[in-house]
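The values are calculated or read from the model by the stated rules, or taken from the named source; none is laboratory data. A quick note: this is a predicted structure, and the numbers were derived from the prediction, not measured. Quick reminder, even Gly has a Cβ in these numbers, built from the backbone with ideal geometry, and neighbours come from all protein chains shown.
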Amino acid sequence: MSEVCATSGSIFGRLVSRARTGLRDLAARHALRQELLECDRSGVLDSVLADLQIDRGELDPVISNYPLSSRLFGGMAARLGVDPMHDGPQTQRAIQRTCAVCAHQSECRHWLDSGRTEGYEEFCPNSDYWHALKERVRTAAMQH
């Protein structure tokens, strides 16, 4: 009986944690929408989007995936043991942009939760980049 209660308690704890995260994410998306609306009203939105290399048609997926995409991006880099800043800020922004509009965030989250280090190639649109960066880091480590 106590095992059932312990299991129920851990399930309940996970549900509460996910609900809190979901509410924080919802608040963050709302704040982002408000900020973008203000940028649009002041006439600077197109300039900001150009700097980020995002067009207006990509705003909906970027907002929908925010802020989860940044957590997944960081989680992927950490899991693979690489730092995209290795290739400079422009490359990092390009990779983050792809992640921000990615339609496979659910698969990414499940992959990260699984603890695996292989298999991201099956769903990740940045997989070629991640693989190449891993190889460069590995080669550099072997040379030292």
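Tabulated results
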read-out	value
Single unsatisfied condition, residue 99 versus (1) touching an Asp or Glu at 6+ places or on another chain (Cβ under 8 Å); (2) in the same structural domain as residue 140 (by TED's automatic domain parsing)	(1)
Single condition residue 27 does not satisfy, out of (1) in the same structural domain as residue 14 (by TED's automatic domain parsing); (2) more than 30 Å from residue 14 (Cβ to Cβ)	(2)
Filter result (surrounded by 10 or more Cβ atoms within 10 Å (Cβ to Cβ) and either outside the structural domain of residue 87 (by TED's automatic domain parsing) or part of a loop (DSSP other than H, G, I, E, B) (or both)) within region 113-144	116, 117, 119, 123, 124, 125, 126
Considering residues of region 97-112 that are modelled with pLDDT of 90 or more and not hydrophobic (A, V, I, L, M, F, W, C) only, the residue surrounded by the most Cβ atoms within 10 Å (Cβ to Cβ)	105
Qualifying residue in region 40-51 (condition: of a type outside the set (A, V, I, L, M, F, W, C) and surrounded by 12 or more Cβ atoms within 10 Å (Cβ to Cβ))	yes
Whichever residue in region 50-85 is free of Cβ contacts under 8 Å to residues at least 24 places away in the same chain and outside any helix (DSSP H, G or I) and, among such residues, is farthest from residue 115 (Cα to Cα)	55
Close pairs (9 angstrom Cβ cut-off, 6 or more residues apart or separate chains): closer than 21 Å to residue 60 by Cβ in region 17-35, of a type outside the set (Asp, Glu) and loosely packed, with under 11 Cβ neighbours inside 10 Å anywhere	none
Selection from region 57-82 of residues that are more than 23 Å from residue 136 (Cβ to Cβ) and either within 15 Å of the chain's Cα centre (by Cα) or modelled with pLDDT of 90 or more (or both)	61, 62, 63, 64, 65, 66, 67, 68, 69, 70, 71
